[in-house]
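Just below is one structure, and these are the notes that go with it.
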C-alpha cells in the first residue's frame with residue numbers, strides 16, 4: 001500500500017490533442033509533486049477501509065494515471081468527500097488511534113450530558129457517538145435537542161418554566177395547556193435557549209386584560225395578575241357565598257362587575273351585589289339573615305316575646 005501512495009509522485013499524463021495537451025500540462029503543473037495524501041488527505045488506512053476504500057482507490061488510480069480532473073471529480077462525488085471536515089478527522093482518528101478516539105468520545109459525552117442535564121434532557125450513548133462521529137458541536141447538539149422539548153415531556157429549566165407559566169395562566173383566568181396549547185412548546189424551547197420567562201408571562205397577561213376596564217389593564221401592565229387585582233372582592237364574595245376563593249372563577253360576571261369603566265365598587269356596595277346573587281340565598285348566611293328578619297317581624301306584631 002505504501003508503494004501505491006508513493007506512485008502518486010511520478011505521473012506521466014497520456015494526452016493527444018493540442019487543446020487537451022495544453023489543459024493537461026497546466027493541470028499537471030498545478031499538481032506536480034502532490035501525492036494523494038497531500039491533495040485529498042487519502043492515507044493508507046483509508047484505501048483499505050471497508051466503508052470508503054473502494055471509492056477512494058478509484059480516485060487514486062485516476063490520479064496515478066495522470067487523469068487529474070477525473071480524479072478530482074470522482075473524489076468530490078465520493079461519500080468520504082461529503083463528510084464534514086471534523087467528521088473526517090474523527091473517522092481517521094478511530095482508524096489510526098482508537099484509544100485517543102475513545103477518550104475524546106468519552107470527554108465529548110461528559111460535556112453533552114452536563115449541558116443537557118440543566119434542561120432535564122437525557123441522551124442515549126449511541127446518539128452521543130453519532131453526534132461525535134458527525135463532528136457536531138456541543139452547542140448545536142443542545143440546541144437541536146431543545147427543539148424536542150414539549151410541555152408534556154419537559155424537565156429541568158423547561159419544567160420549572162412550565163409550572164410558573166401554568167400558575168400565571170391560572171392567576172389570570174386561563175388554562176395554560178388549553179388556551180395556549182399551540183404556543184407553549186415553543187415558549188419552553190425559547191426559555192431553554194435563554195429567553196426570559198417574563199416575556200411569556202407578559203403575553204399571558206396581555207391576553208387577560210382584553211375587554212377589561214382601563215384601570216384593570218393598567219394594573220396588569222404593571223405586572224399584576226387578575227387574581228391579585230380582584231383579590232379583595234373575590235375573598236369577600238367567597239366569604240358571603242361560603243366557598244373557597246379559588247372556587248370563584250376570575251371570569252365570574254359578578255366578580256368582574258367590581259371594576260367598572262370609570263371606577264371600582266366599594267367593598268360595601270359589592271357585598272350588597274353579592275347578596276342579590278341567586279347563589280347567596282342557599283347559604284347559611286342567607287338563611288340566618290332571613291330567620292333574623294322573620295323573627296323581627298313576628299316581634300313587631302307581638303307574636304314573640
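Every number here is computed from the coordinates shown, using simple stated rules; none is lab data. Everything quoted here is computed from the prediction, not taken from an experiment. All Cβ positions, even for glycine, are placed from backbone atoms using ideal geometry, and neighbour counts span all protein chains on display.
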Separation between Cα centres of segment 202-273 and segment 139-176, rounded to whole Å: 28 Å
For segment 230-290, just run the numbers: alpha carbon Rg, then divide by 2.2 N^0.38 Å, N being how many residues it has. 1.07
Once the piece of chain linking residue 118 and residue 269 is laid out straight, how much longer is it, given 0.36 nm per residue of separation minus the C-alpha distance between them? 49.2 nm
Going by average Cβ density within 10 Å per residue, which order do the peptides 185-196, 109-120 take, highest to lowest? 185-196, 109-120
Any chance you could run the full-extension gain for residue 79 through residue 242? It's 0.36 nm times the residue separation minus the Cα-Cα distance, nm to one decimal. 51.2 nm
Sites residue 58 and residue 96 - FRET efficiency at Förster radius 22 Å, r taken between beta-carbons, to 0.05: 0.50
Looking at segment 77-126, what % of the alpha carbon pairs are farther apart than 13 Å? 66 percent
Which whole number in µm²/s is D for segment 135-277 by Stokes-Einstein, with the Kirkwood Rh taken over Cα pairs at 10 °C and 1.306 mPa s? 94 µm²/s
Which FRET efficiency value, to the nearest 0.05, is calculated for residue 150 and residue 251 with the Förster distance at 25 angstrom and r the Cβ-Cβ distance? 0.35
